[in-house]
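Engineer: Below is a structure I'd like to ask you about.
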Amino acid sequence: MKYKKLIECIEMLRYSEEDCQNFLLDLEIRGQNTRQQKMFNYLLSCRGNYEEGQLEDERLLRIIANDQKPVHEGTLRDLAHELVRKIEDFLCLKEIEEDELLRVKVMTRVYKKRGSNRRYINTTTKSLEKVMPDEEMAFHFNQAEKHHDAYFHPGATFHHKKEFSNFPRDARYHMTVAHAIFYLKTCAEDVIRKKLYKEALSENFEKELAAFLVFLPHQVREIPLVNLFEKSVRFLSEPTIESYQSLKIDFIEELNVLQSEKKALLSYLMNGLGILTYKGSRIPEHYDLIKIGLQQNLFVEHNSIAAQMYINIVSIFSSMYAKDEVNSFVMENEKYLRYEGVLLDNIKRITHAYVFFTEGNYLRVRAELRKIKTRDMIFSVRKYVLDIMAIFELIGTLDLTVLLERCRNFQDFIRKRLKNEELKEDQAVKLRNFIELSCKIADVKYNFRYSKTLVKVKLENMSGQVSEELWLHKKIQELR
């Protein structure tokens, strides 16, 4: 796509209508030529939908042309480059205005660079006196740097060094806290990635972790965030229901004091729950964690929500038959899906299908699913599973043979994807168990071949190793 960087910058501005207006006003106040304004307004008016021909040079040349100067392709490139720089400057300035820590850091750098020793030392010491709510890694790195720079600044007099006698110790403390958070967080990330991809941890991992913790001061290990990351590493290394519950309780207790690391800690709970050997459905636990995430606004970041997270939330609300919550979530968050074309269409269709399922509108579920055209593994599996559930609910309107045929197609799909190594064995087991139980429950309900008790026992034996376990339990309970 032409002018990709400029378009990306304009899309960042489009997150806020106020930012767009302020940027245009800034261009006018600076007395810039109208060509920049015309180019900006035109690209802004496209609203992210750049159809074929809209970015052709000839079209852009006609839009920005005036009678003052000749316009050529080089002019367009220069205008685009200048606009990119101006938007970046505008956004940087806005970030500095909104972030007090960043503003102080930039100003102290200005004072230091331009030789204003008195202003540098006064600004640094005053910023250290402020009580900052964000007791996390960035804060401690920042505090360590300020204490260090104030003490070792070349303009600091003997009087200042005497006044700042505790600064070296305080710098060491804050750097130790920042390092502890950094080390334990990266350990947790390392463990969860290895677990998710079924890879072995380094042989020295446990020894290195133990050695690090031995030399970590007790007062640092007692800091809530450090303690939570340490617990996260231990839980993810050897996941048990007890360590999960303990981490979850501590996480909830510290929610009010945690800041930027809430999202990382919540992801460890959610991912750890997925790799935990768990008897029964994990859906209710995931449901609780999602509600925490929504209350804390952890899923939308920079006006964007990840597709996989969005679909997972909708599917979990649907599994819990949380009709009001799933409708509310889709209405409030669909606008944050920053995707385009077929991918965006498929995301909306699969999530709308889940919404219709929750509402009991099974014909519309199947209609939405038929519109999804993809070979993507995740979409395809969800499409098969949800379609089988919808067909089951429609038996009476549809013949039982429709369900059995769809189940056979799904079995073939699983076999092919396993052969191509696109599907993991543990995933295949859960899906095959789902197919088997769906067919057996249908046989009990419509052909009377099995007893309700036998199917119930089979599900209990498969507990934790079957997809859509909550729905299967519900269908068994409905049997006479």
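Engineer: Projecting each Cα onto the charge dipole of the chain (Lys/Arg +1, Asp/Glu -1 at the beta carbon, about the Cα centre), which of 215, 277, 45 comes out farthest on the positive side?
Structural biologist: The listed residue farthest towards the positive side: 277.
Engineer: Kindly state, to the nearest 0.05, the FRET efficiency for residue 34 paired with residue 334, given R0 = 41 Å and r defined as their beta-carbon distance. Before the final figure, lay out the partial values.
Structural biologist: Working: r = 37 Å, r/R0 = 0.90.
Working from the Cβ atoms, E equals 0.65.
Engineer: Still on this structure, I have one more. Regarding the chain, what whole-number volume in Å³ per residue does the convex hull of its Cα atoms give?
Structural biologist: Values: hull volume 99.0 nm³, N = 480.
Convex hull of Cα atoms, per residue: 206 Å³.
Engineer: In nm, to one decimal, how far is the modelled label at residue 479 from the one at residue 103, with both set 7 Å along Cα→Cβ?
Structural biologist: A separation of 6.7 nm, rounded to one decimal place.
Engineer: A 24 angstrom limit on the alpha carbon distance is what I want to check against. Which of 194/231; 323/458; 198/231; 323/475; 263/291 exceed it? It would help to have the intermediate numbers written out before the result.
Structural biologist: On the way: 194/231 17 Å; 323/458 29 Å; 198/231 21 Å; 323/475 18 Å; 263/291 13 Å.
With Cα atoms farther than 24 Å apart: 323/458.
Engineer: Placing +1 at every Lys and Arg Cβ and -1 at every Asp and Glu Cβ, with all other atoms neutral, what dipole size does the stretch 318-403 have around its Cα centre, in debye to the nearest 20? Present the calculation step by step, with values, prior to reporting the outcome.
Structural biologist: Working: 13 positive and 12 negative charges, 71 e Å.
The calculation lands at about 340 debye.
Engineer: Residue farthest toward the positive end of the dipole of the chain, with Cβ of Lys/Arg at +1 and Asp/Glu at -1: which of 464, 407, 389?
Structural biologist: Of the options given, the answer is 407.
Engineer: Using the Cα gyration tensor of the stretch 131-277, with a ≥ b ≥ c the square roots of its eigenvalues, what is the shape: rounded (a/c below 1.5), prolate (a/b larger than b/c) or oblate (neither)?
Structural biologist: Cα axes put the stretch 131-277 in the prolate bin.
Engineer: Now a separate question. Within the stretch 246-311, which GluC sites (Glu not before Pro) sit in a loop by DSSP and count at most 16 neighbouring Cβ atoms inside 10 Å?
Structural biologist: Values: sites: 253, 254, 261, 285, 301; in loops: 254, 261.
Loop-located and lightly packed - 254.
Engineer: Picking from 444, 232, 13, whose Cα lies most toward the positive end of the charge dipole for the chain (charges on Cβ: Lys, Arg +1; Asp, Glu -1)?
Structural biologist: Sorting the options by dipole projection puts first 444.
Engineer: I've got another one for you. Charges only on Cβ, +1 for Lys and Arg, -1 for Asp and Glu: so what's the dipole of the stretch 131-277 about the Cα centre, in debye to the nearest 20?
Structural biologist: Its charge dipole is roughly 160 debye.
Engineer: Distances over 19 Å make up what percent of all Cα-Cα pairs in the stretch 340-442? Intermediate values should be presented prior to the final figure.
Structural biologist: On the way: 2349 of 5253 pairs.
Result for the distance tail: 45 percent.
Engineer: Further question: For a quick check of your reading of the filter: which chymotrypsin sites (Phe, Trp or Tyr not before Pro) in the stretch 201-277 sit in a DSSP loop and have no more than 13 other Cβ atoms within 10 Å? Please report the intermediate quantities before stating the final value.
Structural biologist: Numbers: sites: 205, 212, 215, 229, 235, 244, 251, 268; in loops: 215.
Here the sparse-neighbourhood loop sites are 215.
Engineer: At 7 Å along Cα-to-Cβ for each site, give me the label-to-label distance between residue 11 and residue 430 in nm.
Structural biologist: Reported label-point gap for residue 11 and residue 430 is 3.1 nm.
Engineer: In addition: State whether the stretch 238-337 is rounded, prolate or oblate according to the following rule on the C-alpha gyration tensor (a ≥ b ≥ c being the square roots of its eigenvalues): a/c under 1.5 gives rounded; otherwise a/b larger than b/c gives prolate, and the remaining case gives oblate.
Structural biologist: On the way: a/c = 1.97, a/b = 1.28, b/c = 1.54.
Oblate.
Engineer: Also: Dipole size in debye (nearest 20) for the chain around its Cα centre, Lys and Arg Cβ +1, Asp and Glu Cβ -1? All intermediate terms of the calculation are to be shown ahead of the outcome.
Structural biologist: On the way: 76 positive and 72 negative charges, 160 e Å.
Computed about the Cα centre, the dipole is about 760 debye.
Engineer: Let me ask you something else. A 27 angstrom limit on the alpha carbon distance is what I want to check against. Which of 373/430; 335/383; 419/474; 383/445 exceed it?
Structural biologist: Values: 373/430 24 Å; 335/383 23 Å; 419/474 33 Å; 383/445 24 Å.
From the list (373/430; 335/383; 419/474; 383/445), the Cα-Cα distance tops 27 Å for 419/474.
Engineer: Name the GluC sites (Glu not before Pro) in the stretch 388-480 that are in a loop by DSSP and that have at most 16 other C-beta atoms within 10 Å, would you?
Structural biologist: Numbers: sites: 393, 405, 421, 422, 425, 436, 460, 468, 469, 478; in loops: 421, 422, 468, 478.
Answer by residue number: 421, 422, 478.
Readers should treat all values here as calculations from the given coordinates under stated rules, not as data from a laboratory. The shown structure was predicted, so the numbers you read here are calculated from the model rather than taken from an experiment. With ideal geometry, Cβ positions are generated from the backbone for all residues, glycine too; neighbour counts draw on all protein chains shown.
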